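Structure in structure tokens, see below.
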Amino acid sequence: MKRRLRACVLVATALGCSGCIASNVVATGDRMVQQPLEQLPFAPAPGLQLDGLYESVAITGDAAVSLRRIWYLFRADGSYTAAALVEGERGASFQTLDGSWASTAAGLSLDGAEPVPLEQAEQHLRLSAPTGVVVLRRSAAQ
Amino acid sequence: MTQKLLQWMGVAFVLLLVGGAAFALTVVKDRVRVVVAADAAEAGPDPVALVRDDVGVLARDVAELRTALGTNFERLGAALEERAEARHADVQALARELAAARQQLAAQAAAAQRSEQQLAQLGARLAAAESAAVQSVAVPAESVPAESVPAASAPVVPAPIEPAPAEPVAVAPPPAKAKGFLSFSLPQGGFAFDREQSWQIVPELSRVGFDAKSTLHDFSGVTSKVSGRFTADFDDPAGGWRGEVACEAATLATGVDGRDTNLREHLDTTNHPQIRFTIARFVPAADGIDRDEQTVAGEVQGTMTIRGKSRELRLPVRIEIDPSRRAVVTGQVRLKLSDYEVPVPSQLGVINMQDEVVVWVALRARLVAGDGK
């Protein structure tokens, strides 16, 4: 009789413990590393004053095959300097640029080229070039 | 009565008019004189003379106008002549410049042709040297070290050797720069669904793990310390894929430190730091290749190595291309730890983990640079 009682207590304890400890199985939908940038509410930003430092946080399109990161420093006087980390056959290397920028109703024009659509979300910009789209986040020099 | 009255009134009115007229004639007959005037006088200019004068004035004006026009036309002609001479000089200068540019271009084309020939010769030499090198290292496959296997303790896997071209081929010119992305020059090339290309796992965007059941509760072990590379032609139903994916076994985290320690002991991560899956081939599912959606579903067949023990494994996967032109690989498979001689964890014989676990992959792989041409 006592043995049966002990067994019942052990089983009840085990069942109780299993009920207390929650399962921590990763759900199938959560296995992939998430990229929350898709949730940003971008809106067109004609004539936006861009001055400041920006770094890319997402690149899509064909440009993403070789382009790893971009940094832009837009100055208030209409000039800019930029760097891109480009993956080539010999590994990644930096390209640097200096030029002029203009933010018009049609978008952002770099070096007098055809403007590309410019959109804005909080602390973020989105530039849509023909071969890709880059999302830039406002940054700060260290 | 009335009629007679009206007749008498009419007669009286006529008599009154006659009487008035006679009285008026009597009054004004001495004051009225009728004079018949002669025709208009002959005084005034002769109209013919006037017309003659007008014609003379017009003739003088026309003569002056002719003189003025002649002068202006002479000036205009001189100006046009000067301008034509200037244009002629400009055209001659441009023609000279064009001829010089044409000569320069011809010289550069000749130089480019010479460079191309030299490159072709170098390519032929390189191909011959590669061929000789491959022949000189033709040893049993077991002794060829895997190219991308970082684990020293793991069994050696034969690395695929690219066949050298049998005949010399012209070396292709270096990849042209495509001007195009926000003023940056990027190498040409990109993803092609129907071409064999190499892909490299992006650890920051990838995870592998397992789901296990135990007496108390179910749990997962996850790590992002995953690396690897594979070569695939997604459109090829023959599925000639190859490559390898590996994870650092010691970094598998279950969320409970004590359990992680036990896990590392059971996996013997000191002696077998990596869990590896070597891809041998791909078998697409029925309708598993969707060219329009650019997705692939099927079974990756290869060898799984856990704790130094290797077993054949078929891993069902689905691959899609994301907007950043990365291959997104997801899949899972059930396997038994005992097949790999991994001791099944147990605490005091009461809290037991099940022998069968679900191993899953959630990978993002980036096209290897230079392979997208």
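Using a 1.4 angstrom probe with every protein chain in place, what is the largest-first accessible-area order of B:SER185, A:SER100?
The ranking, largest first, comes out as A:SER100, B:SER185.
Just subtract the alpha-carbon distance of B:THR251 and B:VAL32 from 0.36 nm times their residue separation and send over the number in nm, one decimal.
Contour length minus the Cα-Cα distance gives 63.8 nm.
If r is the Cβ-Cβ distance from B:LEU105 to B:GLN294 and R0 is 35 Å, what FRET efficiency results, to the nearest 0.05?
On the way: r = 43 Å, r/R0 = 1.24.
About 0.20, to the nearest 0.05.
Would you mind calculating the relative contact order of the stretch B:223-309 from Cα pairs under 8 angstrom and at least 6 residues apart, reporting the percent as a whole number?
Reported as a whole number, the value is 29 percent.
Compute the relative contact order of the stretch B:191-367 as a whole-number percentage, counting only Cα pairs closer than 8 Å that sit 6 or more residues apart in sequence.
Reported relative contact order: 24 percent.
The values are calculated or read from the model by the stated rules, or taken from the named source; none is laboratory data. Computed from a predicted model, the values in this text were never measured in an experiment. Please note: Cβ atoms are built from the backbone with ideal geometry, for glycine as well, and neighbour counts cover all protein chains shown. We work out accessible area using only protein heavy atoms, side chains counted, and drop any ligands, DNA or RNA first. Shrake-Rupley method; radii C 1.70, N 1.55, O 1.52, S 1.80 Å.
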